[in-house]
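Everything on this sheet refers to the single structure shown next.
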Amino acid sequence: MIRIVTTPRLESLECASRTAREQVREVAGSANEAFGEHVRELYAVIDRAERAEATASEVAEILARTRKELSAAREELLLKDIEIRRLREELEGEPVEGQTLTLLSHYGEPHTVYASREEAEGDTATHGVPADAWVPASGRPEADVQWRCESFIYDAASKGFRRVFMAFPEPVGGAA
């Protein structure tokens, strides 16, 4: 079959072809703009995600340190609680006949009370008091002795502590 195309028909097809090309250009331009906008949004989302990941990593490190510090604080609090209970029990406990205490005095002034002489010597040694600085209770005046240890024993009859070794009596007005 043969078809004869006339000039007006060709002009009409050419016009339709031009219109279609213009529409294709417009649609392609719009599509390129939309694609460019999507790519920019994608890069922005990726950037935000990377920053969020870095922030999450920093927060995880801070949280780990905080948990470690919290664990140490809980452990310290538990140890202090145990020590407080022990001290409370010791404080509330009734004195027993023969229980001793050791008083450490510095130039005659009471300094610290310890449960035993060994505890007194051990504790004060950590503060720089040499072992040979100790002087037992003697006839010398207390104010003349730098570090002096005196033992006291619980006396149930008097409901209090008394010195283990009584100080030497000083003569009063020439009397003994």
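The values are calculated or read from the model by the stated rules, or taken from the named source; none is laboratory data. Treat the numbers as computed from the prediction; the structure is a model and nothing was measured. Here Cβ is always computed from backbone atoms with ideal geometry, including for glycine, and neighbour counts include all displayed protein chains. Calculation scope for accessible area: heavy atoms of the full protein, side chains included, ligands and nucleic acids excluded. Shrake-Rupley method; radii C 1.70, N 1.55, O 1.52, S 1.80 Å.
Among the candidates Leu63, Leu87, which residue alone is of a type in the set (A, V, I, L, M, F, W, C) and at pLDDT below 95?
After applying the criteria, what remains is Leu87.
Does Thr112 qualify as being open to solvent by less than 80 Å² (accessible area, probe 1.4 Å), over 30 Å from Arg140 (Cβ atoms), hydroxyl-bearing (Ser, Thr, Tyr) and free of Cβ contacts under 8 Å to residues at least 40 places away in the same chain?
No: the conditions fail for Thr112.
Give the residue, chosen from Arg40, Arg51, Arg9, Arg3, that is in a loop (DSSP other than H, G, I, E, B), more than 30 Å from Glu119 (Cα to Cα) and not aliphatic (A, V, I, L, M).
Arg3
Within region 75-83, can one find any residue that is among the basic types (Lys, Arg) and out of contact with any Ser or Thr (no Cβ under 7 Å at 6 or more places or on another chain)?
Yes, region 75-83 contains at least one residue that is among the basic types (Lys, Arg) and out of contact with any Ser or Thr (no Cβ under 7 Å at 6 or more places or on another chain).
Suppose the filter is modelled with pLDDT of 95 or more and surrounded by 10 or more Cβ atoms within 10 Å (Cβ to Cβ); does Lys68 pass it?
In short, yes.
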